[in-house]
1. Any residue in region 159-171 that is aliphatic (A, V, I, L, M) and more than 22 Å from K237 (Cα to Cα)?
2. From the list E208, E174, pick out the single residue that is assigned to a loop (DSSP other than H, G, I, E, B) and assigned by TED's automatic domain parsing to the domain that holds E134.
3. Does N223 satisfy being out of contact with any Cys (no Cβ under 6 Å at 6 or more places or on another chain) and not in a loop (DSSP other than H, G, I, E, B)?
4. How many of the residues in region 192-216 are modelled with pLDDT under 90 and more than 21 Å from A149 (Cβ to Cβ)?
5. Taking D122 as meeting all but one of (1) surrounded by 18 or more Cβ atoms within 10 Å (Cβ to Cβ); (2) acidic (D, E); (3) at pLDDT below 70, write down the number of the exception.
6. Tell me which residues, restricted to region 188-223, are under 58 Å from the mean Cα position of the chain (by Cα), free of Cβ contacts under 8 Å to residues at least 12 places away in the same chain and surrounded by 11 or more Cβ atoms within 10 Å (Cβ to Cβ).
Amino acid sequence: MYCRNKIIILLFFVCCGFFSTAQTSDSAYQKGVQQQSDYMQQPVTRSSFDKKEWNDLKKKLKIKEYEPKKKKKESKKKDWNLNISPTLSLIIKWTLFALLIGALLFLVLRVLGINPFNRKRDKNKINISLEELEEHLDTASIDPHLYAAIKAKDYKLAIRLYYLMIIQKLALKEKIIWKKYKTNKHYLNELRNKDEYPTLKKLTLLYEKCWFGEKDITEEDYNSIQPDFINFLQNIK
């Protein structure tokens with residue numbers, strides 16, 4: 001019985017303490033709310049900022065100020081847009097078109113084996129008028145022109161000059177009578193009953209085939225027929 005009463009008394013004191021603590025906590029909470037409400041209702045006062053004090057505090061606490069990184073200056077892009085007039089644009093377009101056509105033409109010539117920029121043969125061409133030589137065949141000097149033709153590899157002209165030398169020598173030896181209006185057939189008729197006729201007929205056919213033919217005379221062709229002309233010239237007496 002005594003123990004039971006003791007437990008009841010202890011529970012009573014515990015409940016009293018609990019209610020007392022709860023009341024105290026509730027009172028403290030209400031007080032805090034009231035203080036916050038009073039603070040919010042107070043007017044805001046502007047205070048001065050002591051920069052020197054702030055700098056001293058930064059040094060003491062070793063505070064580093066954040067400095068924003070400087071943005072790199074973007075390089076100005078060059079404006080390459082050119083204001084070209086329609087007339088100039090048309091000229092440029094046609095110039096490029098002409099260059100393209102020229103390049104294609106040059107390529108075709110090269111494929112065909114023709115070099116339009118090779119002036120070597122042009123420089124070696126003989127400044128000669130065959131009509132002048134034939135008109136003054138009785139006094140003309142053919143040797144320099146023949147040498148120039150061979151040097152320039154103009155074998156067709158060389159064969160013609162060899163034939164003119166034969167006509168010239170036959171006239172000098174009085175085998176024929178040279179006249180500028182006469183043809184090769186005339187000279188053959190004058191030699192018909194002479195020893196030189198068969199050879200001259202053969203050389204005349206060779207010459208006419210070389211000179212009037214469309215085929216170019218190669219160096220090999222020239223070397224094969226040149227001795228016949230030289231031998232005939234040397235045997236004219």
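1. no
2. Exactly one of E208, E174 is assigned to a loop (DSSP other than H, G, I, E, B) and assigned by TED's automatic domain parsing to the domain that holds E134, namely E174.
3. Criteria met by N223.
4. Count: 5.
5. (1)
6. Within region 188-223, L205, K209 qualify.
The values are calculated or read from the model by the stated rules, or taken from the named source; none is laboratory data. All figures in this text were calculated on a predicted structure; none of them were measured in a lab. All Cβ positions, glycine included, derive from the backbone under ideal geometry; neighbour counts span all protein chains shown.
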